[in-house]
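The values are calculated or read from the model by the stated rules, or taken from the named source; none is laboratory data. Keep in mind that this is a model prediction, so the values were computed, not measured. Methodologically, a virtual Cβ is constructed for each residue, glycine included, from the backbone with ideal geometry; neighbour enumeration extends over all protein chains shown. Keep in mind that these areas ignore ligands, DNA and RNA; they rest on the heavy atoms of the full protein, side chains included. Shrake-Rupley method; radii C 1.70, N 1.55, O 1.52, S 1.80 Å.
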Amino acid sequence: MSVHYTLNLRVFWPLVTGLCTAFVCLYHVLRGSGGARAEPPDGADGGFPLLKISVLLLLGYVLLRCRHAIRQRFLPGSPRLGGHSTFSPRHFQEPSLDILLESYYEHEVRLSPHVLGHSKAHVSRIVGELVRAGRARGSPGPIPGGTLALAFRGDFIQVGSAYEQHKIRRPDAFDVLVPLRLPPLVALEPRGLGAQPAVGPALHGCFVCALRAPPGASGGHWLRDCKPFAEGFCVDVRGRRLLSAALVLRWFQAHLQRSLATVRYSLEERCRVTLTPGGLEQPPTLHILPCRTDYGCCRLSMAVRLIPAVHVGDGVFLVAPPPLSLPAGPPSELPEGLRADALWGVNTARQEQKLLGWLQERAPPGACYLKCLQLLKALRDLGARGLDPKAAAQWGRVLSSYVLKTVLLAVLLYERAPEQGWEEAHLGKRMDQLVRFLRDCLLGRQTLFHCVLGPGGAAAEVGPLPKVLREAAPVDLLAAFDGHARELVAARLLSTWRRLPQLLRAYGGPRYLARCSPPRSQRPQHTQGFPKDEP
């Protein structure tokens with residue numbers, strides 16, 4: 001995604017004036033400290049007076065500000081006002097949709113590349129030290145070391161929107177995979193639940209990992225040798241030992257706490273670091289807070305989710321716990337005899353990053369599809385305003401960031417290319433296409449398949465996949481939600497898109513729209529649940 005930097009004149013010219021004044025003052029001080037000099041002939045001044053230079057710089061700043069204000073507010077055809085003059089309030093008209101989206105993106109959505117780069121580098125340093133300390137400490141827990149202990153592999157993999165160039169607003173949340181190293185005597189046999197007829201479609205994206213002997217190992221000796229590992233990290237399901245995501249996650253959190261105690265002192269000069277366990281339903285979160293003595297330019301508090309991951313080949317990882325999007329409570333569609341703590345999720349971030357890179361290489365210069373994804377996320381956040389907590393949680397689960405990214409990839413890969421293309425000039429049309437495609441997924445076709453694990457997938461663009469994924473059943477991201485929930489979300493999504501100008505004015509959009517803000521009585525009110533009468 002190309003990055004465009006804009007010059008902030010309100011900061012630039014006062015800064016130039018201050019620097020020039022400082023240089024002139026320094027010049028006069030050095031000139032005066034050099035001793036008395038001969039009087040210039042005819043009373044001529046030997047240098048530019050400080051007052052003259054300051055007045056000239058101030059005059060230039062005022063003239064430039066006046067010119068900028070005239071171009072933005074009084075000249076017809078101004079790009080900010082969609083080509084309409086504003087000499088009188090009667091002549092003011094609403095800006096076009098493209099101008100409105102562009103301004104909203106620049107003011108509210110766009111993330112500073114400078115701040116994002118500093119934040120990612122800071123996270124990388126902190127997590128790197130923590131993972132290296134965890135690898136050096138060995139394995140606490142049921143197996144205190146040796147050849148049958150779990151351990152950190154020593155590296156980490158940064159995933160999520162911050163590393164795919166479509167994060168919005170603030171770089172304050174990151175996802176990091178921490179790969180685990182299994183004992184040499186242990187091999188895994190992962191299997192997708194979608195292949196079992198008794199499993200509901202909501203669990204097609206879950207996997208189980210059975211223990212098996214590595215090639216060349218004797219069955220009887222192997223069962224005896226790996227018994228300590230099986231008792232510490234596995235559960236027994238129908239006579240088979242399955243690697244437990246819950247037990248691995250518990251070990252992972254304890255190991256992180258011990259590793260953090262090792263490096264906490266060395267990190268105190270740069271930041272304050274705390275670790276919040278996520279229990280058995282969420283991975284632990286590393287909170288990075290700036291120190292009082294940190295005078296860096298990007299003093300942000302960040303939360304980093306550390307996700308334990310097991311590599312199954314070709315850059316694909318199984319993660320704990322599985323990212324179930326069910327409303328609440330334990331899964332109700334598990335086959336008889338299968339335990340919820342034995343379920344793993346799958347992470348195909350490497351393949352998705354390759355797919356986005358493949359699309360970007362073939363996109364024309366200035367393509368706006370990543371900007372559309374960012375605006376789609378911002379539209380989702382606007383739609384959540386005014387909902388009660390329960391409805392807002394449901395809204396966020398249905399329209400998760402991963403679902404919105406899948407919508408964009410599906411449109412780019414499988415929909416007919418629009419005649420206008422993905423140029424910046426057609427930003428509003430492409431946004432309307434994405435919103436209506438998502439509404440059709442919720443109401444019409446009622447499916448939205450995983451971009452890698454869907455029917456056909458994108459294997460030709462992302463490279464080979466492990467056998468376990470090639471044989472897995474298609475994963476529908478919307479299968480966990482009933483028809484009523486999808487109808488309500490689709491109605492509110494379309495209503496939010498149609499009322500976008502009013503919502504931006506009501507919830508603090510761009511400053512230049514404040515002149516046409518509606519009265520307070522016309523602003524959206526708090527809604528208990530989803531509205532029933534939206535189109």
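Quick notes
- Applying the criteria of a DSSP loop state and at most 16 other Cβ atoms within 10 Å to the trypsin sites (Lys or Arg not before Pro) of the stretch 348-454 yields Arg385, Arg416, Arg445.
- Rough spin-label spacing in nm, given labels placed 7 Å along Cα→Cβ, for Glu281 and Gln196: 2.3
- Rounded to the nearest 0.05, the FRET efficiency derived from the C-beta distance between Tyr402 and His107 at R0 = 25 Å is 0.45.
- Residues of the stretch 175-208 with amide N under 20 Å of the 7 Å Cα→Cβ point at Lys227: 183-187
- Potential extension, Cys20-Gln257 segment - 0.36 nm per residue separation minus Cα distance: 80.1 nm
- Rg to Rh, two decimals, where the stretch 146-261 supplies the alpha carbon set and Rh follows Kirkwood: 1.04
- Solvent-accessible surface (1.4 angstrom probe) belonging to Tyr369, in square angstrom, nearest 10: 10
- The stretch 226-298 and the stretch 358-421 have Cα centres separated by 32 Å.
- Straight Cα distances below 26 angstrom link Lys120 to the lysines Lys167, Lys354, Lys371, Lys377, Lys405, with same-chain residues fewer than 8 positions distant left out.
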